[in-house]
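S.K.: Could you have a look at this structure, given as structure tokens, before my questions?
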Amino acid sequence: MTLRYEEAVDWIHSRLRLGIKPGLERMLYLLEQLGHPEQKNKWIHVAGTNGKGSTVSFMRTVLQDSGYEVGTFTSPYIESFNERISVNGVPISDESIVALVEKFQPIVEGMQDSPFGEPTEFEVVTAMFFEYFATMHPIDIGIVEVGLGGRLDCTNVFTPLLSVITTIGMDHIGILGDTLAKIASQKAGIIKRNVPVISGVTQLELQPLFQQWAAEQEAPYYASGADFKLTAVADDRFHFENRENRLADIEVGLVGAHQLRNAAVAIQALLLLPEHYSNITEATIRKGIARASWPGRFEKLSETPVLIIDGAHNNEGIETFVQTMSTEFPTQKSYVLFSALTDKPIDQMISRLQTCFAENVILTTFDYPRALTAAELQVKSEKLNVQVEVEWQSTLLELINKAKAEAAVVSITGSLYFIAEVRAFLLKRIAATIK
């Protein structure tokens, strides 16, 4: 009996969220049952605390504009589950999801009696994208975003053409470690022998560590600020320079000073690829960087009033959000609707927002297992002296009406899972208004 799409996705989500056994053994065993599809394509591997999705988008768009079929694996999704597995920015079809699940079900459920147990949801989806690109939709190159950390992440099962590390920040400290050095060591786990490493890591104290880790693997190492540099010439333009190249006045399609840094990392990576992908030129780099887009990353959904959504899901993300807001809207009043998962440093994130937006910060919750409860909202309200609202939809509509009257900005930030819900809600309302 053929599954319906909804049944296929429900089956994927029914897998255990967290694995019973640490390490990559179970993932490798699953891939062995599939004939090792991860070995059938060429890959770029991308790790980092923030900036992974944007960097993937920059590289994907340039490669696509160079004439290549580019597969991507990203997480979490913003619009639909399918977008996690995409080709040239187009999500996998419902029919292909169903076909993959029907193939995977007996294999995955049969692993219950193996020494490894059944795979988690993320392991299943990771294996699905390897299988999709190996047997159902051929690609010229794939770009793979790490799910969590790097060393023990279940994507870390192949040898890529390039390893890219975007940033290091204090996130997932309960899993990755409680210092920058510990977290960095997990991200550095994607470094492979003789595979070039491109690093956008900014902390000076971490640079010698990455140089050492790369040297241990005899991996060529390219560090931002040392081996390649950017010079901002406008909010959305910069000069790029490394030892062999200088690209002046590069226009960046994504908003924020941090996106100039992500674009520079992507360009350095792309400039190492012509040996394998000779269609990459300065012209395609310029075109791709300029037209790159990434939903939910300081994305403007409306002009009247201005509506901004931005997935700032940790301290570093909030700091970047605050800086970008101050650059883009230096004089306008701004309302901020914020929600994050309970394993994030919510108190610190709210405090940073309050220093910039004062009493115009509203804390809310949403329908997700790790989101704040109504009782937890009340505790935060009393502890942080912040306005809280349980129903984000009605609160957002009230803020929009206020902003219209005051020519103010409404921004929604925090968890990417929250941003996904808000984005769908707003786009539906905007579409209804246009009709």
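S.K.: Would you mind finding the one in Leu337, Leu341 that is at pLDDT 95 or above and aliphatic (A, V, I, L, M)?
M.R.: Just one listed residue meets the conditions, Leu337.
S.K.: Here are some residues: Arg370, Arg352, Arg423. Which one is open to solvent by 40 Å² or more (accessible area, probe 1.4 Å), under 23 Å from Pro76 (Cα atoms) and basic (Lys, Arg)?
M.R.: Details: Arg352 fails: under 23 Å from Pro76 (Cα atoms); Arg423 fails: open to solvent by 40 Å² or more (accessible area, probe 1.4 Å).
Answer to the check: Arg370.
S.K.: Which residues, taken from region 310-326, are without any contact (Cβ under 8 Å) to a residue 40 or more places away in the chain, open to solvent by 20 Å² or more (accessible area, probe 1.4 Å) and in contact with a Lys or Arg (Cβ under 9 Å, 6 or more places away or on another chain)? Full working, then the answer.
M.R.: Taking region 310-326 as the starting set, the residues that turn out to be without any contact (Cβ under 8 Å) to a residue 40 or more places away in the chain are 319, 322, 326.
Among the residues that remain, those that are also open to solvent by 20 Å² or more (accessible area, probe 1.4 Å) are: 319, 326.
Residue satisfying the conditions is Glu319 alone.
S.K.: Can you name the residue in region 240-273 that is open to solvent by less than 50 Å² (accessible area, probe 1.4 Å) and of a type outside the set (A, V, I, L, M) and, of all such residues, is farthest from Val56 (Cα to Cα)?
M.R.: Filtering region 240-273 for residues that are open to solvent by less than 50 Å² (accessible area, probe 1.4 Å) and of a type outside the set (A, V, I, L, M), the one farthest from Val56 (Cα to Cα) comes out as Asn242.
So that you can scan it fast, the table gives a plain yes or no per residue for (1) within 23 Å of Leu247 (Cβ to Cβ); (2) in contact with a Gly (Cβ under 9 Å, 6 or more places away or on another chain):
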site: Ile289; (1), (2): yes, yes
site: Ala292; (1), (2): yes, yes
site: Gly296; (1), (2): no, yes
site: Val322; (1), (2): no, no
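S.K.: Can I ask one more? Which one is modelled with the highest pLDDT among residues in region 14-36 that are of a type in the set (A, V, I, L, M, F, W, C) and either out of contact with any helix residue (DSSP H, G or I) (no Cβ under 7 Å at 6 or more places or on another chain) or open to solvent by 70 Å² or more (accessible area, probe 1.4 Å) (or both)? Before you say what the answer is, go through the steps one by one.
M.R.: Here is the first cut: in region 14-36, the residues of a type in the set (A, V, I, L, M, F, W, C) are 16, 18, 20, 24, 27-28, 30-31, 34.
Keeping just the survivors that are either out of contact with any helix residue (DSSP H, G or I) (no Cβ under 7 Å at 6 or more places or on another chain) or open to solvent by 70 Å² or more (accessible area, probe 1.4 Å) (or both) gives 16, 18, 20, 24, 28.
Values: Leu16: 71, Leu18: 51, Ile20: 51, Leu24: 93, Leu28: 96.
In this case the residue turns out to be Leu28.
S.K.: May I pose another question? Hey, any hits in region 122-143 for a residue that's farther than 25 Å from Tyr277 by Cβ and open to solvent by 10 Å² or more (accessible area, probe 1.4 Å)? First the steps, then the outcome.
M.R.: Taking region 122-143 and keeping what is farther than 25 Å from Tyr277 by Cβ, we get 122-125, 127-128.
Applying the additional criterion that residues be open to solvent by 10 Å² or more (accessible area, probe 1.4 Å) yields 122-123.
Yes - at least one qualifying residue is present in region 122-143.
S.K.: Another question about this same structure. Can you name the condition, by its number, that Glu389 falls short on among (1) at pLDDT below 95; (2) more than 23 Å from the chain's Cα centre (by Cα); (3) open to solvent by 60 Å² or more (accessible area, probe 1.4 Å)?
M.R.: The single condition Glu389 does not satisfy is (1).
To keep it simple, each residue is scored yes or no on (1) part of a strand (DSSP E or B); (2) open to solvent by 10 Å² or more (accessible area, probe 1.4 Å); (3) in contact (Cβ under 8 Å) with a residue 40 or more places away in the chain.
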| position | (1), (2), (3) |
| --- | --- |
| Glu6 | no, yes, no |
| Ile12 | no, no, yes |
| Glu38 | no, no, yes |
| Gln64 | no, yes, yes |
| Ser96 | no, yes, yes |
| Lys103 | no, yes, no |
| Gln112 | no, yes, no |
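S.K.: Would you mention how many residues in region 78-94 are touching a residue at least 60 places away in the same chain (Cβ under 8 Å), closer than 23 Å to Thr135 by Cα and under 16 Å from the mean Cα position of the chain (by Cα)? Reasoning before the result, please.
M.R.: Kept after step one, since they are touching a residue at least 60 places away in the same chain (Cβ under 8 Å), are these residues of region 78-94: 78-79, 81, 94.
Those left that are additionally closer than 23 Å to Thr135 by Cα: 81, 94.
Checking which are under 16 Å from the mean Cα position of the chain (by Cα) leaves us with 81.
Of the residues in that region, 1 qualify.
S.K.: Just one of the numbered conditions (1) of a type outside the set (A, V, I, L, M); (2) touching a helix residue (DSSP H, G or I) at 6+ places or on another chain (Cβ under 9 Å); (3) open to solvent by less than 10 Å² (accessible area, probe 1.4 Å) is not true of Trp43; which one?
M.R.: So the condition that Trp43 fails would be (2).
S.K.: Additional query: Assess whether Gly296 counts as being outside any loop (DSSP other than H, G, I, E, B), of a type in the set (Gly, Ala, Ser) and either touching an Asp or Glu at 6+ places or on another chain (Cβ under 9 Å) or modelled with pLDDT of 95 or more (or both).
M.R.: Numbers: outside any loop (DSSP other than H, G, I, E, B): no; of a type in the set (Gly, Ala, Ser): yes; either touching an Asp or Glu at 6+ places or on another chain (Cβ under 9 Å) or modelled with pLDDT of 95 or more (or both): yes.
Judged against the criteria, Gly296 is not a match.
The values are calculated or read from the model by the stated rules, or taken from the named source; none is laboratory data. What you see is a predicted model, and the numbers here were worked out from it, not measured in a lab. Please note: Cβ atoms are built from the backbone with ideal geometry, for glycine as well, and neighbour counts cover all protein chains shown. In case anyone asks, the SASA skips ligands and DNA or RNA and just uses the protein heavy atoms, side chains included. Shrake-Rupley method; radii C 1.70, N 1.55, O 1.52, S 1.80 Å.
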